[in-house]
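K.L.:
One structure, pasted below without further comment.
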Amino acid sequence: MKTHLHTVPIIPELEKNISKIKEISGGTSELLFNEVNISGIHCCLMCCEGLVSTAVLTQLVIKPLMELELDSVSPKGLLEHVNSNMMLSIDRPIADNYGDMFRLLNSGFIVLAVDGADYILAFGAQGHERRGITEPSGENNLTGSHDGFTELIRTNMSLIRRRIKSPHYVQKLIVTGDTSQTDICICYMSDRVPQHLIDRILQSIENIKLESVFSTGYIKPFLEPKKKSIFSSVGMTERPDVLCSKLTEGRVAVLIDGNPYALYIPKLVSDNFQTLDDYNFKPYFGTFIRWLKYAAFLLALLLPAFYVAVAVHHPEMLNSTLLLILADAEKNAPFSITAETVGVLLMYEIIKEAGIRLPKVVGGAVSIVAGIIIGDSAVKSGLISTPLLTVAAISVISGFVMPGLSQSISVLRIIFVICGGIWGLFGMSLCASVVLFNICSTEDYGFPYTAPFSPFFGKAMGDTLVRTGFRKKQEQNFTVEELHEQN
C-alpha cells in the first residue's frame, strides 16, 4: 500500500539525506547511522537496532565494504559495483524513495546510502527475536505433525514450501496497512486455481484502506461476502499440514505477518467436521468420528432448545416416568424454564471467557469455582434444576468438538432456546429454516458454502459424510474448482 513518502525521492546529498531521514523518523532512538568512507566516497550505513543480526552485519556487510578499494569510482558506480560484484546478501533490493527505504529499514534490512546517489541499496540481515516453531495449541492431533505457524511470515512461507515442492506452488507478497505496512502473502497452486479468482482476491486485499493490520480479523471481513452470513466462509488454521491439504484442493491461502494463523478461501461447511486425524485412521473409524461430530453439532445447537420446547409446550411427548422426574425437579425453581436455560447458558459463556482471559497459573480456579461452588450450590439451593444443568452440560461439551463453530453455536443456541420457549417445536423449526436459508445463500467468490451438499456434487461426497480410503481417493482427484465450474 502506497503512502505519501513513496512520492518523495531520495536526496542525493548525503548530509541532507540523513537530516531528511531523521526528520521523517522524528529522531527515533533505534535508528542507527554509521557514516564511513568507502573507496574515498562518503557513505552511511543505516539499520534499526534489534531488527538486524549483529553477526551478519559485521562479517558479511561491514567488513567486505571497509576492505573495498576502487580507483576513480563515482557514487552510482560504487553502488553498481557493490550490487553486481559483491555477494553481501541474497536479498538486495533498491529503493529510490523514502517510503520504500523506511519499509526496508523497519523490516530488518541494512541500508547503504552514498553521497551523490539518488537511490539506496539494502541488504537483508534480519535477526530479531522470534518464537520457535512449536506444536499448535488450538488444533491438537494424535498422529499428525507437531509444528505450527509462528508470527514470522517468512518462516510460515518456508513451512509450506517444505511440504509442497511443486513449481506450480506460488507465493505472492503484498503490503497493506498505511501505518503498519504489514506483509501479506497469497499462496495458491497455479495449475488448480483460476487466475480470475486470484485477481479478485488480490483486488479485495488492495481495497483495504485500514491504517493497521495486525491479525486475521482485520482481513476476513474483506474476503467474505458483503451479505451478512451466520457462519464464516473464510477458514482459519494454525497447522501447516492442514493448510497444505487445502492448497492441493485448489484453495487460496492468506498469511499475515505477525499472526500465527492462516486464512484459506473458500471454506465449505464440511471443513468444520474434518480433522487431520481422520485421514490417518482406518476409513471406517474416520467415518464413525465424522458422524459423531455431526451428531455433536446437533446436540450442541438444539438440545437445550428441544428440552425447553418439550417441557413447556409439548409435555405429552414425554413418558410418565420422565415427566414426573422433570416436574419434581422444576417445581421448586423460582424461574421459568426458558429464563433458567438462558441464564445457565450465559453463565457458561461468562465462565468460558474468564477461563480464556485469566493467566494460566490461576485458570484452574475458574473450573473449581464454576463446577463445585456455582454448579453444586445452585442445584442444592433450588435455583437450577438438575435435568436442566445436565442438558446444558451435554450441549456445551458437544460444542467443544467443533471449535471452529463455537462462536456461531454460542449465539444460535440461545436464539433457539428463546424461540423454543415462546413457540415450542414450531418456533425451533422456524428458526432452523432461517438458519438453513442463510447458510444455503452464503457463497464466497462464487463457491457455495454448503457445497457439495447443495448444490449436490456426487464426486465430492466421498470426503464429507464418509471418509473413503486413499486408494479410491486417488482415482477421484477432486478440487474445489470443479464445484465452481459445475455451479
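Just so it is clear, none of the values below were taken in a lab; they were calculated from the coordinates. Keep in mind it's a predicted model, so treat the numbers as computed, not measured. Cβ placement follows ideal geometry from the backbone for every residue including glycine, while neighbour counts extend to all protein chains displayed.
K.L.:
Could you list the trypsin sites (Lys or Arg not before Pro) in region 1-79 that lie in coil according to DSSP, counting only those with at most 15 other Cβ atoms within 10 Å of their Cβ?
P.N.:
K2
K.L.:
Hey, another quick one. Grab the Cα-Cα distance for H128 and W423, subtract it from 0.36 nm times how many residues apart they are, and report the gain in nm with one decimal. Walk me through the intermediate numbers first.
P.N.:
Details: separation 295, 0.36 × 295 = 106.20 nm, distance 5.99 nm.
Roughly 100.2 nm would be gained on extension.
K.L.:
Could you please rank C48, C440, C187, placing first whichever residue has the fewest other Cβ atoms within 10 Å of its Cβ? Let's see the in-between values first.
P.N.:
Numbers: C48 21, C440 15, C187 25.
Ascending number of Cβ neighbours within 10 Å: C440, C48, C187.
K.L.:
May I ask you to derive the FRET efficiency for S25 and L173 from their Cβ-Cβ distance with R0 = 22 Å, giving the value to the nearest 0.05? Present the calculation step by step, with values, prior to reporting the outcome.
P.N.:
Numbers: r = 24 Å, r/R0 = 1.10.
Once rounded, the FRET efficiency stands at 0.35.
K.L.:
Another question about this same structure. Decide, for region 282-441, between rounded, prolate and oblate: order the square roots of the alpha carbon gyration tensor eigenvalues as a ≥ b ≥ c, take rounded if a/c falls under 1.5, and otherwise choose prolate if a/b is larger than b/c, else oblate.
P.N.:
oblate
K.L.:
Restricting things to Cα coordinates, could you compute the convex hull volume per residue of region 224-323 in Å³?
P.N.:
So the per-residue hull volume is 171 Å³.
K.L.:
Relative to the Cα centre, what is the charge dipole magnitude of the chain, using +1 at the beta carbon of each Lys and Arg, -1 at the beta carbon of each Asp and Glu, and rounding to the nearest 20 debye?
P.N.:
For the chain, the charge dipole is close to 1440 debye.
K.L.:
In addition: So if I place +1 on the C-beta of Lys and Arg and -1 on the C-beta of Asp and Glu, and nothing else carries charge, what would the dipole magnitude of region 282-441 be about its Cα centre? I want it in debye, nearest 20.
P.N.:
580
K.L.:
Give me the one-decimal nm value for the distance between modelled label points at I90 and S215, 7 Å along each residue's Cα-to-Cβ direction.
P.N.:
About 3.2 nm separates the two model spin labels.
K.L.:
Could you list the square roots of 5 times each eigenvalue of the Cα gyration tensor of the chain, that is, the equivalent ellipsoid semi-axes, sorted largest first and rounded to whole Å?
P.N.:
Details: eigenvalues 639, 142, 79 Å².
Working from the Cα gyration tensor, I get semi-axes of 57, 27, 20 Å.
K.L.:
Along the Cα→Cβ direction, 7 angstrom out, place labels at K63 and Q407. What is the inter-label distance in nm?
P.N.:
Using points 7 Å along Cα→Cβ, the separation is 5.1 nm.
K.L.:
Along each of the three principal axes of the Cα atoms of region 1-52, give the extent in whole Å, ordering the values from largest to smallest.
P.N.:
Its Cα atoms span 37, 27, 19 Å along the three principal axes.
K.L.:
Using only Cα atoms, tell me the angle between helix 195-206 and the longest principal axis of the chain; keep it within 0 to 90° and round to the nearest 10.
P.N.:
Relative to the chain, helix 195-206 is tipped by roughly 80 degrees.
K.L.:
Pick out, in residue order, every one of the trypsin sites (Lys or Arg not before Pro) in region 216-276 that is DSSP loop and has at most 13 other C-beta atoms within 10 Å; say none if there are none.
P.N.:
Passing both the DSSP loop test and the Cβ count: K226, K227, K228.
K.L.:
Order by neighbour count: Y218, Y261, fewest other Cβ atoms within 10 Å first, most last.
P.N.:
Taking fewest neighbouring Cβ atoms as first place, the list is Y218, Y261.
K.L.:
If each of K16 and W291 carries a label point 7 Å out from its Cα toward its Cβ, how far apart are those two points in nm?
P.N.:
Label-label distance for K16 and W291, simple model: 7.9 nm.
K.L.:
What is region 153-278 by shape, rounded, prolate or oblate, if you read a ≥ b ≥ c off the alpha carbon gyration tensor as root eigenvalues and call it rounded for a/c under 1.5, prolate for a/b larger than b/c, and oblate otherwise?
P.N.:
Details: a/c = 1.44, a/b = 1.18, b/c = 1.22.
Because its axes are fairly even, with a/c under 1.5, region 153-278 counts as rounded.
K.L.:
Calculate, for S39 and R154, the FRET efficiency according to 1/(1 + (r/R0)^6) with r their C-beta to C-beta distance and R0 35 Å; round to the nearest 0.05.
P.N.:
After rounding to 0.05, the efficiency reads 0.60.
K.L.:
OK, next. Evaluate the Kirkwood expression for the hydrodynamic radius of region 4-124, namely the inverse of the mean inverse distance over all pairs of different C-alpha atoms, and round to one decimal in Å.
P.N.:
About 14.3 Å for region 4-124.
K.L.:
Sticking with this one: Just how far, in whole angstrom, is region 399-425 from region 282-296 if you go by their alpha carbon centroids?
P.N.:
When both Cα centres are located, 22 Å separates them.
K.L.:
Can I ask one more? If contacts are Cα pairs under 8 angstrom and at least 6 residues apart, what is the relative contact order of region 408-473 in percent? Show your work: numbers first, answer last.
P.N.:
Details: 30 pairs, mean separation 8.6, N = 66.
Value for region 408-473: 13 percent.
K.L.:
Let me know the number of lysine pairs in region 153-278 closer than 21 Å at the Cα, not counting same-chain pairs under 8 apart.
P.N.:
Total qualifying Lys-Lys pairs in region 153-278 comes to 16.
K.L.:
Please tell me the relative contact order of the chain in percent, rounded to the nearest whole number, where contacts are Cα pairs under 8 Å and at least six residues apart.
P.N.:
13
K.L.:
Let me ask something else. Under the 0.36 nm per residue contour assumption, what length would be gained going from the current alpha-carbon distance of I356 and S166 to full extension?
P.N.:
Difference between extended and current length: 64.4 nm.
K.L.:
For region 414-464, what's the radius of gyration and Dmax over Cα atoms, in angstrom?
P.N.:
14.6, 42
K.L.:
Express in nm, to one decimal, how much length is gained between S190 and A378 on full extension, taking 0.36 nm for each residue of separation and deducting their alpha carbon distance.
P.N.:
Difference between extended and current length: 61.8 nm.
K.L.:
Roughly how big is region 4-124's charge dipole about its Cα centre, with Cβ charges of +1 (Lys, Arg) and -1 (Asp, Glu), in debye to the nearest 20?
P.N.:
Around 220 debye, computed over region 4-124.
K.L.:
Also, I was wondering about something else. For E135 and E80, FRET efficiency with R0 = 51 Å and r from the beta-carbon atoms, rounded to 0.05?
P.N.:
E(calc), rounded to 0.05, equals 0.60.
K.L.:
Rank these for me by crowding, V170, V56, going from fewest to most other beta carbons within 10 Å.
P.N.:
Fewest-to-most ranking of V170, V56: V170, V56.
K.L.:
Where in the chain is the longest stretch that carries no GluC sites (Glu not before Pro) classed as loop by DSSP and with at most 15 other Cβ atoms within 10 Å?
P.N.:
Value returned for the longest uninterrupted segment is 212-487.
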